[in-house]
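The values are calculated or read from the model by the stated rules, or taken from the named source; none is laboratory data. Given the structure is predicted, the values throughout are model-derived calculations rather than measurements. Here Cβ is always computed from backbone atoms with ideal geometry, including for glycine, and neighbour counts include all displayed protein chains. Side chains are part of the model used for accessible areas, which takes the heavy atoms of the whole protein and leaves out ligands, DNA and RNA. Shrake-Rupley method; radii C 1.70, N 1.55, O 1.52, S 1.80 Å.
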Amino acid sequence: MTDTPAPQPPLQPAPIRRPSLRFMFSHPAHVIALGFGSGLSPIAPGTVGTLWAWLAFIVMRPSLTDGHWALLLGAGTLVGWWACTVTARHMAVADPGAIVWDEILAFWLVLWLVTPAGLLGQAVAFALFRVFDAVKPGPVAWADERFKGRRGEPPGWRQGWGILFDDVVAALCTLLVIALWRWVA
């Protein structure tokens, strides 16, 4: 009787730390998850993605009703969950910094709910959201850790949801601070 070696698990692809334009255009999910290119920024992709969201909001706002925004955010969450999951799998990283759809969607929520805030109010919302997203105090840190995978585990639907979830919590924290500020003022 001969000994046959046990089957080896498939090798994990090497993580992609800095995606390229070629990577982005290789799959429709990548285009969405990478914020239509804003996530390719070599410096502060989350901030660049949030700025892209702000510009897109200003452009789209005049032609969208509240119902349209609600549909856009709902569909954007479902499509974004898929896009973020697929892109994280293809990059072999659980929560790549280049994925900025989470910032875009969450900041659209903030802007939609603070409107009719003027430019100054939107700038305050931007600054608060970026602080909550980058520093991850309290509930945002909890949300960020809630859906992390185990070490060496390939990214899956759980991690894809987690990519979106902590930014939604950051958006809710931003909205809470703005509401308290308005209430006190």
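Just to verify a result, which residue in the stretch 94-136, among those that are more than 13 Å from Trp54 (Cα to Cα), under 17 Å from the mean Cα position of the chain (by Cα) and without any contact (Cβ under 8 Å) to a residue 60 or more places away in the chain, is most open to solvent (accessible area, probe 1.4 Å)?
The selected residue is Val135.
For the stretch 137-185: of the residues being open to solvent by less than 40 Å² (accessible area, probe 1.4 Å) and not in a helix (DSSP H, G or I), which is farthest from Gly80 (Cα to Cα)?
Gly149
Which one of these does Val79 not meet: (1) aliphatic (A, V, I, L, M); (2) farther than 22 Å from Met60 by Cα; (3) in contact (Cβ under 8 Å) with a residue 24 or more places away in the chain?
With (1) aliphatic (A, V, I, L, M); (2) farther than 22 Å from Met60 by Cα; (3) in contact (Cβ under 8 Å) with a residue 24 or more places away in the chain applied to Val79, the lone miss is (2).
Does the stretch 26-63 hold any residues that are among the hydroxyl-bearing types (Ser, Thr, Tyr), open to solvent by less than 40 Å² (accessible area, probe 1.4 Å) and farther than 18 Å from Ala123 by Cβ, and which are they? Full working, then the answer.
Taking the stretch 26-63 as the starting set, the residues that turn out to be among the hydroxyl-bearing types (Ser, Thr, Tyr) are 26, 38, 41, 47, 50, 63.
Filter again for open to solvent by less than 40 Å² (accessible area, probe 1.4 Å), leaving 38, 41, 50.
Result: Ser38, Ser41.
Could you say whether any residue in the stretch 65-75 is outside any helix (DSSP H, G or I), over 10 Å from Val100 (Cα atoms) and open to solvent by 50 Å² or more (accessible area, probe 1.4 Å)?
Step one: filter the stretch 65-75 for residues outside any helix (DSSP H, G or I), giving 65.
Then keep just the ones that are over 10 Å from Val100 (Cα atoms); that gives 65.
This time we only want the ones that are open to solvent by 50 Å² or more (accessible area, probe 1.4 Å), so: 65.
Yes, the stretch 65-75 contains at least one residue that is outside any helix (DSSP H, G or I), over 10 Å from Val100 (Cα atoms) and open to solvent by 50 Å² or more (accessible area, probe 1.4 Å).
Could you grab the pairs with beta carbons closer than 8 Å, sequence gap of 6+ or different chains, first residue in the stretch 45-62 and at pLDDT 95 or above, second one open to solvent by 80 Å² or more (accessible area, probe 1.4 Å) and not basic (Lys, Arg)?
What qualifies is Trp52/Phe36.
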